[in-house]
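**Q** Below is one structure. I have some questions about it.
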Amino acid sequence: MPDKLPIRAGDDVVRVRQQVRARAVEIGFSLVDQTKIITAASELARNTLDYGGGGEATIDVLAVPKPGLRITFEDQGPGIPDVDTALKDGFTTGNGLGLGLGGARRLVNDFAITSKLGQGTQVIITRWK
Amino acid sequence: MASKSEKSRLSDIIGTHEADILAEWLRLLLASGGDTRISRGQLESQCREFLAALREATSAGNIADTMTPGFERLRTMLGDISRSRATQGFSPAETATFIFSLKEPLFARIRATHGKDGEAIADDTWTLSQLIDRLGLHTMDVYQRSREEVIARQHEEIAELSTPVVKLWDGILALPLIGTLDSARTQVVMENLLQSIVDHSAEIAIIDITGVPTVDTVVAQHLLKTVAAARLMGADCIVSGIRPQIAQTMVHLGVELTVVSKANLADAFAVALSRTGRFVAKSKAPTSTGTMTARRPATL
């Protein structure tokens with residue numbers, strides 16, 4: 001049963017982090033893997049809030065082909081005009097460090113992003129045990 | 001005017017049977033959960049005052065609108081009761097029960113008064129039901145608001161309490177951070193630290209992040225800003241308490257902390273001491289109290 005969490009305010013980012021931590025501990029992730037997926041989730045949840053205008057995170061616990069955690073972030077925001085540029089380190093349209101999106105990709109095993117201008121952005125990350 | 005006669009009728013019913021209604025209401029309240037948070041005497045006086053105010057309001061005010069001046073006293077009283085219930089730790093249901101349990105004794109009196117006049121019973125019951133419901137909603141509004149006030153106050157208290165700046169030695173400050181580092185907290189942290197740097201003429205500030213569960217780019221950015229601000233005040237910062245898993249994650253994220261960092265507070269303190277021309281040495285004979293031995297300044 002996937003967990004669906006709304007991301008509407010700063011507190012929701014904390015809630016996503018706590019939920020991801022709880023799931024990661026359940027699966028038996030190592031401390032490093034836990035920290036990686038939590039941090040990636042934190043970055044993407046904040047992006048969903050700050051740049052997507054809020055959205056939703058879905059946490060799935062995977063069992064096949066091996067234990068893992070998949071988190072989907074969805075928003076109905078303005079979308080990203082150029083995904084490749086957005087993934088580059090140091091690029092930001094806000095006032096952050098510009099490392100969140102690219103950093104999140106480096107912290108997980110699978111990373112997929114689809115963005116349609118004016119319709120929203122979906123980011124799916126997976127970390128295997 | 002139907003409402004005119006209805007309201008005076010309700011007021012009459014309450015007035016005539018006030019003692020009975022009060023007794024019945026109290027019995028219901030006590031039966032719904034003998035509560036130790038509020039004494040019987042207190043509850044009884046609350047009920048009596050409330051009933052008197054209700055009689056007054058129904059005779060003077062416009063029953064259809066509880067926002068009218070006639071209901072002012074009743075609303076204030078209900079608000080006070082609700083607020084005190086909220087701070088005493090009553091649940092929403094328990095708080096709402098106070099007003100809703102009044103329905104039963106009042107409906108019984110309406111039935112008894114009108115005898116076989118079904119229409120009058122229905123009319124009065126409906127009017128009264130609406131009135132009590134509106135008062136119930138008001139109770140919940142106040143309850144919710146006072147709970148939120150409590151939460152907001154605690155939030156501020158936690159933010160201030162959890163960012164103490166401690167003096168480790170002359171010119172050396174430590175700032176142990178615990179919990180989530182968001183923008184609002186960073187602001188409090190920064191203000192506390194900068195003021196303490198001035199107050200203690202500190203040369204070195206150690207920021208310990210052992211208690212920060214997640215260090216993402218936003219936390220890193222907040223840390224870097226705090227360090228930069230401290231530097232402008234003439235104090236160097238050392239970041240300590242970076243756990244192995246956090247270090248690995250930060251490297252993958254691509255965050256570079258352009259600041260001296262140490263694994264734990266003890267090491268950071270040792271660096272701070274040596275930079276200020278001091279060192280900790282072991283005395284030859286261990287003192288009998290034992291715990292003040294050197295090289296473990298963190299236990300001081």
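The values are calculated or read from the model by the stated rules, or taken from the named source; none is laboratory data. Predicted model only: the values in this text are computed from it and were never measured. Counting neighbours? That spans all protein chains shown, and the Cβs are built from the backbone with ideal geometry, glycine included. Accessible surface areas use protein heavy atoms only, side chains included; no ligands, DNA or RNA. Shrake-Rupley method; radii C 1.70, N 1.55, O 1.52, S 1.80 Å.
**Q** Please go through (1) at pLDDT below 85; (2) within 25 Å of B:E149 (Cα to Cα) for B:S8 and return the number of the only condition it doesn't satisfy.
**A** Condition (2) is where B:S8 drops out.
**Q** Out of all the residues in the range B:106-120, which are closer than 20 Å to B:T58 by Cα, open to solvent by 40 Å² or more (accessible area, probe 1.4 Å) and not charged (D, E, K, R)?
**A** B:F107, B:A112, B:T113
**Q** Given the options B:L51, B:L30, B:L43, name the one that is part of a helix (DSSP H, G or I), over 17 Å from B:D133 (Cβ atoms) and open to solvent by less than 10 Å² (accessible area, probe 1.4 Å).
**A** So the residue among B:L51, B:L30, B:L43 that is part of a helix (DSSP H, G or I), over 17 Å from B:D133 (Cβ atoms) and open to solvent by less than 10 Å² (accessible area, probe 1.4 Å) is B:L51.
**Q** With the condition being within 23 Å of B:T249 (Cα to Cα) and open to solvent by less than 20 Å² (accessible area, probe 1.4 Å), I'd like the strands (runs of 3 or more DSSP E) fully within the range A:17-129 carrying at least 1 qualifying residues.
**A** In the range A:17-129, the matching strands (runs of 3 or more DSSP E) lie at A:55-62, A:68-75, A:120-128.
**Q** Out of curiosity, is A:V13 modelled with pLDDT of 90 or more, surrounded by fewer than 17 Cβ atoms within 10 Å (Cβ to Cβ) and not polar (S, T, N, Q)?
**A** Criteria not met by A:V13.
**Q** Failed condition for B:S283, given (1) surrounded by 12 or more Cβ atoms within 10 Å (Cβ to Cβ); (2) modelled with pLDDT under 90, with all others met?
**A** If we test B:S283 against (1) surrounded by 12 or more Cβ atoms within 10 Å (Cβ to Cβ); (2) modelled with pLDDT under 90, just (1) comes out false.
**Q** Does the range B:159-175 hold any residues that are in a helix (DSSP H, G or I) and either touching a residue at least 12 places away in the same chain (Cβ under 8 Å) or of a type in the set (S, T, Y) (or both), and which are they?
**A** B:A159, B:E160
**Q** Might you check whether a residue that is surrounded by 15 or more Cβ atoms within 10 Å (Cβ to Cβ) and within 28 Å of B:V280 (Cβ to Cβ) occurs anywhere in the range B:146-164?
**A** Yes, the conditions are met somewhere in the range B:146-164.
**Q** Shifting gears a bit: Restricting attention to the range A:14-53, which residues are at the interface with chain B (Cβ under 9 Å from one of its Cβ atoms), more than 14 Å from A:T72 (Cα to Cα) and in contact with a Ser or Thr (Cβ under 9 Å, 6 or more places away or on another chain)?
**A** Those that are at the interface with chain B (Cβ under 9 Å from one of its Cβ atoms), more than 14 Å from A:T72 (Cα to Cα) and in contact with a Ser or Thr (Cβ under 9 Å, 6 or more places away or on another chain): A:V14, A:R21, A:V32, A:T35, A:K36, A:T39.
**Q** Among the residues of the range B:56-74, write down those that are surrounded by 20 or more Cβ atoms within 10 Å (Cβ to Cβ), in a helix (DSSP H, G or I) and not hydrophobic (A, V, I, L, M, F, W, C).
**A** Across the range B:56-74, the qualifying residue is only B:T58.
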